[in-house]
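Contents: one structure, followed by commentary.
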Amino acid sequence: MDKDIRETFWKAFQTSPFIMIKLENASGHAEPMTAQLDKDAHHAIWFFAKRDNRIAPGGQAMGQVMTKGHDVFACIDGTLVEETDNSVREKHWNNAVEAWFPDGKQDPSVVMLRFDIEDGEVWASDMGLKGAFKLLTGTPIHAGEAGEHALGAV
């Protein structure tokens, strides 16, 4: 994947760290999760969930990201596994997480999951003033004017 579009994705995802995620081959719909991001991690994001959550069993999964402002869209796939490193759990535990899990970080019903990203497809929209004018007036927008698109490792 192009380095610029990869950087655009991670920067936008950091400001809007929400993802719809679903285990592959599982019944039901994807659900929204708040990603715990680590600027030093490559190809991994974390989530806190209850052990009875539909994604808690882990396995192959797919997630969709649409960032605030709708400037980046992504579909990423990989494997969900339980994070067993307690220092990672400690690092990512914060007041926002505590609001969802008021019994605290030692609550045995709370699991931390790591999503090891294998690849993805990213669309970065940057139509600028000219593109916005075309949208308002109904003038055709050509694919090269809509932004960038890339496949590969995120």
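Readers should treat all values here as calculations from the given coordinates under stated rules, not as data from a laboratory. The structure displayed is predicted, hence computed values, not measured ones. Please note: Cβ atoms are built from the backbone with ideal geometry, for glycine as well, and neighbour counts cover all protein chains shown.
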Compute the distance from the alpha-carbon center of the range 13-57 to that of the range 83-111, in whole Å. 14 Å
How large is ³J(HN,Hα), in whole Hz, for each residue of the range 99-107 in order, when computed from phi with the Karplus curve 6.51 cos²θ - 1.76 cosθ + 1.60 and θ = phi - 60°, using x for Gly and Pro? 4, 7, 10, x, 7, x, 5, 8, 4
Between Lys68 and His42, how high is the FRET efficiency from 1/(1 + (r/R0)^6) when r is the Cβ-Cβ distance and R₀ = 30 Å? Nearest 0.05. 0.80
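Using the per-residue mean of other Cβ atoms lying within 10 Å as a proxy for protection, in what order, highest first, do the peptides 34-40, 93-99 fall? All intermediate terms of the calculation are to be shown ahead of the outcome.
Details: 34-40: 13.9, 93-99: 11.9.
Result, highest mean Cβ count within 10 Å first: 34-40, 93-99.
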Two-site FRET efficiency, Arg54 against Trp100, from Cβ-Cβ distance with R₀ of 22 Å, rounded to 0.05: 0.90
